[in-house]
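**Q** Just dropping this structure here.
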Amino acid sequence: MTGSFLDNSCFCPYRAEWLSIVDHELTALGITAVSVEAFRHSDLPGPLPWTYLPGCGQGTPEQYAQAWEQFEATKRAGHAPPLEPGVVEAVMQCVQWTRHAESRPGLGIIGFSS
């Protein structure tokens, strides 16, 4: 099976601390199962050889299903902390990725960073 491109316009290009800012806001919403910061520091999936660039991270289908449930639980609880202006769109883009992965059993997400 091949993958499909997901909108990442909120992350292209981005400043160095952007991924950790988005992760902080995801955590504020109770979404801890996935991390966009992981896309920066990880290695390519096996059996591909190690490389310094691009950074690569991946999330399992289980992680994305859990992240979607965390988002839904936050909505049900009415817990919507104010997000940093300018970050809301990026957080919602991550939520869309989560929904995309959760709706396709057995598929996760892989991200690259350079």
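The values are calculated or read from the model by the stated rules, or taken from the named source; none is laboratory data. Keep in mind the model is a prediction, meaning the values are calculated, not measured. Counting neighbours? That spans all protein chains shown, and the Cβs are built from the backbone with ideal geometry, glycine included. All accessible areas refer to the heavy atoms of the entire protein, side chains included, with ligands and DNA or RNA removed. Shrake-Rupley method; radii C 1.70, N 1.55, O 1.52, S 1.80 Å.
**Q** Over the chain, with the other protein chains present, what is the accessible area per residue in square angstrom, probe 1.4 angstrom?
**A** Heavy-atom SASA per residue in the chain reads 61 Å².
**Q** Going by Cα centres, the stretch 21-35 and the stretch 48-114 are how many Å apart?
**A** Taking the Cα centre of each part, the stretch 21-35 and the stretch 48-114 sit 9 Å apart.
**Q** Turning to a different aspect of this structure: Given +1 on the Cβ of Lys and Arg, -1 on the Cβ of Asp and Glu, and no further charges, what dipole in debye does the chain carry about its Cα centre, rounded to the nearest 20?
**A** That gives a dipole near 160 debye.
**Q** Hey, another quick one. Between the helical axis of 61-77 and the dominant principal axis of the chain, each derived from Cα atoms, what acute angle in degrees is found, rounded to the nearest 10?
**A** 10 degrees
**Q** Now a separate question. May I ask for the angle, rounded to the nearest 10°, between helix 88-102 and the longest principal axis of the chain, with both axes built from Cα atoms and the value confined to 0 to 90°?
**A** Compared with the principal axis, the helix lies near 70 degrees.
**Q** Let me ask you something else. Nearest 500 deg cm²/dmol is fine: what mean residue ellipticity at 222 nm does the chain get from its DSSP H runs of n ≥ 4 alone, each adding -39,500 (n - 2.57), divided by its residue count?
**A** When only DSSP H runs of four or more count, the value is -12500 deg cm²/dmol.
**Q** I'd like the carbon and sulfur percentage of the solvent accessible area for the chain, probe radius 1.4 Å, heavy atoms only, ligands and nucleic acids excluded.
**A** That fraction is 59 percent.
**Q** Same structure, new question: Within 15 Å, Cβ to Cβ, of PHE11, how many net charges do the neighbouring residues add up to if Lys/Arg are +1 and Asp/Glu are -1?
**A** -4
**Q** Then there is this: Project the alpha carbons of the stretch 16-111 onto their principal axes and report the range along each, largest first, in whole Å.
**A** 45, 33, 16
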